[in-house]
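Each value in this text was obtained by applying a stated rule to the coordinates, not by laboratory testing. Just so it is clear, the structure is predicted and the values come from calculations on it, not from any experiment. In this analysis, Cβ positions are derived from the backbone assuming ideal geometry, glycine residues included, and neighbour counts consider all displayed protein chains.
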Amino acid sequence: MKRYPIKMEIAGSTAMWTRPDTGDCPVSYPAPTYSAVRNIFQSILWGQAVEIIPTQVDICAPLQFHTYNTNYGGPLRKLDQIKDGNNFQLLATVLTDVRYRLYADVVETPPSDSESERTKAWRAKTKSPGHAYQEIFDRRLAAGKCFHTPFLGWKEFTASYFGPIRDDATLVDVSTVIPSMFRDAKFATGQRKPRYLYNQNVQVEHGILIFPKEAGREVSHAE
């Protein structure tokens, strides 16, 4: 299957790439996860009949961790808190003044009977959905257009810049190993609860994180 590369830059004052193992006081990974990178690309252009496969993240600003406090009022509160209209104070460790170069490949997905009529119509008029996505993505990125506003992990952390890679974007010389990094959540056919995929011993070498090609370890919701 032919791959069509896409790339972009994103920056912002605050980012949160949540480590699920950090519980009630979440801590950020140093770089966005596989699923976060995919979602950022899809925020520029949501494509039909294609799959976005993140390949690499370049860290282009020093890693600065910062304590972040907020009053949380979302659906993850306890039932009695929701019933009484009470919030709880959320303490998190976030990143500040971040800047990344993101890379991914676009591939065409195999046709299926379950896909929408809109997707079938797109296939009928497009000889190469992957190439079409690449061309449209690059035009939209250059024009500053998006499907929805890109954000840096949490929706309140919007990007101060998203667009083509700028000339002054340079790597930060940071190297580390992430023992277990969240990759994606998948729903099996007929299952209401997702299963979570993780990659082990993900390496950041001199500011470059290359996503493993394999999905990695799979854990259930209960774990």
Out of Ala92, Gly74, Gln42 - ranked by how far each Cα lies towards the positive end of the dipole of the chain, with unit charges on the beta-carbon of charged residues - the top one is Gln42
Honestly region 94-153 on the Cα gyration tensor test (a ≥ b ≥ c root eigenvalues; a/c under 1.5 rounded, otherwise a/b vs b/c for prolate or oblate) is just prolate
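Which value, in debye to the nearest 20, describes the size of the charge dipole of region 114-194 about its Cα centre when Lys and Arg Cβ atoms bear +1, Asp and Glu Cβ atoms bear -1, and nothing else is charged?
640
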For Lys2, the aspartates and glutamates lying under 14 Å Cα to Cα, once residues fewer than eight places off in the same chain are dropped, come out as Glu51, Asp105, Glu108
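Between Ser35 and Val174, what length in nm is gained on full extension when 0.36 nm per residue of separation is reduced by their alpha carbon distance?
Full extension from Ser35 to Val174 adds 47.8 nm.
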Within the under-12-Å Cβ sphere about Val174, not counting Val174, Lys/Arg +1 and Asp/Glu -1 give a net charge of -3
Rounded to whole angstrom, the alpha-carbon centroid of region 1-22 lies from that of region 73-126 at a distance of 12
